[in-house]
Amino acid sequence: MALYRDPADKRVFVPKRGGGVSLNFGHPIAWVILVCTTIIPFVIVVGMTIAVLA
């Protein structure tokens, strides 16, 4: 799976050939979206798991 990265392209979401959209990782907002949708929920789940097991 290739990542789309074009700093000259100002779109955050770019259309994919087969349909759907992909993030433009050349745009700083794409990294914020990635962190907010993956890393933060992961940290919450790990924290809650540790709290329940402790």
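The values are calculated or read from the model by the stated rules, or taken from the named source; none is laboratory data. Just so it is clear, the structure is predicted and the values come from calculations on it, not from any experiment. A quick note on method: Cβ atoms are made from the backbone with ideal geometry, for glycine too, and the neighbour counts reach across all protein chains shown. To get the accessible areas, we keep the full protein, side chains included, count just its heavy atoms, and leave off ligands, DNA and RNA. Shrake-Rupley method; radii C 1.70, N 1.55, O 1.52, S 1.80 Å.
Overview of values
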| read-out | value |
| --- | --- |
| Table column - 3J(HN,Hα) (Hz), the stretch 27-37, Karplus curve with 6.51, -1.76, 1.60, x for Gly and Pro | 9, x, 5, 4, 5, 5, 4, 4, 5, 5, 9 |
| Carbon and sulfur %, accessible surface of the chain computed with the full protein complex present, 1.4 Å | 73 percent |
| Accessible area of the chain divided out per residue, in Å², using a probe of 1.4 angstrom | 82 Å² |
| Mean Cβ neighbour count within 10 Å, used as a protection proxy, ranking 15-27, 32-44 highest first | 15-27, 32-44 |
| Cα long-axis angle, helix 40-53 against the chain (0 to 90 degrees, to the nearest 10) | 10 degrees |
| Theoretical ellipticity at 222 nm over the chain - DSSP helices of four or more residues, -39500 (n - 2.57) apiece, nearest 500 | -11500 deg cm²/dmol |
| The chain - convex hull of the alpha-carbon atoms, volume per residue in Å³ | 97 Å³ |
